Amino acid sequence: MTTGHFGHGYVPAARDWRESNPELMKKAVACVTIEHLAANEWVDNPERNEYKASGGFDWGVAYTPLRAEGGVFLDAVDGTEATRTYAFKPAGAYPGEGAGFWAAGIPALSYVPSPQYLFIAPAKNGGIEKLDRHRLHGEVTAFARAVAALDKMSKAEIRGGV
C-alpha cells in the first residue's frame, strides 16, 4: 500500500488505509512502514551560502518500540548498502506513518530517514539527484529480509520483550 506521505490529500495516506480496512487491522500482527528511501546527505554551508551533497549517505532511523523489531531490523540491514542506519526505541511520541498502527496496538517497525532536503522547496526535477541507487538497493533488501523474518515469527515472538 502507499502511505501517501507528503501526498497532501492527493494520495490516500496510511490513516485512510487503516480506516477503510478495519477487518485487516483486527488481524494485523505487525506493521512495517518505509519512508524517504535512497537518501544521500545534503547539508547547508551558511558561510558560503550553498547547499550541497556531503558525499555520504544520510542517516536512517528505524523506530522500533519493541525489542524484537529492533533485532529484526538490525539483522536485516547487516551487510547491505544501507549504511548509517540505526534502530531506535522512541520514548513518548511515535513519529511517521507507522504511528497510527502502533497506537492501534500493532507492533511496528517504521523506517523514517529525515534528510534536510525534505524541508526545502522541491527542485524542478523532484530532487532525484539527491538519491542513491546503491543505498536504495540496500534498503529494499533490508526490508525484504525484515518482512520475511517477521513472517516466520509468532505473534508472541514479535511482541516479546519491550
Based on the Cβ-Cβ distance from TYR94 to ILE128, what FRET efficiency comes out when R0 is 45 Å, to the nearest 0.05? 0.90
Net charge around LEU66, counting only other residues with Cβ within less than 13 Å of its Cβ (Lys, Arg = +1; Asp, Glu = -1)? +2
The extension gain from GLU47 to ALA148, computed as 0.36 nm times the residue separation minus the Cα-Cα distance, is 31.7 nm
Report, to the nearest 10°, how far helix 133-151 tilts away from the longest principal axis of the Cα atoms in the chain, using its own Cα long axis and a range of 0 to 90°. 10 degrees
Nearest 500 deg cm²/dmol is fine: what mean residue ellipticity at 222 nm does the chain get from its DSSP H runs of n ≥ 4 alone, each adding -39,500 (n - 2.57), divided by its residue count? -9000 deg cm²/dmol
Taking a virtual spin label 7 Å from the Cα of THR141 along the C-beta vector, which residues in segment 21-37 bring their backbone nitrogen under 18 Å of it? 37
Pick the calculated Kirkwood radius over Cα pairs in Å for this structure from [x] 16.0; [y] 19.1; [z] 16.8? [z]
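Over the chain, what is the percentage of antiparallel beta bridges among all DSSP beta bridges, to the nearest 5?
The antiparallel proportion sits near 50 percent.
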What residues from segment 33-65 fall in the zone where the backbone N is under 15 Å from a label point 7 Å along the Cα-to-C-beta line of GLN116? 40-59
Just name one of PRO90, ALA149, PRO46: the one whose Cα is farthest towards the positive end of the charge dipole of segment 38-160 (beta-carbon charges, Lys/Arg +1, Asp/Glu -1). ALA149
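Read-outs: derived from the displayed coordinates by stated rules, not from any lab. Computed from a prediction, not measured in an experiment: that's the story for all the values here. Cβ atoms come from the backbone with ideal geometry, glycine included; neighbour counts cover every protein chain shown.
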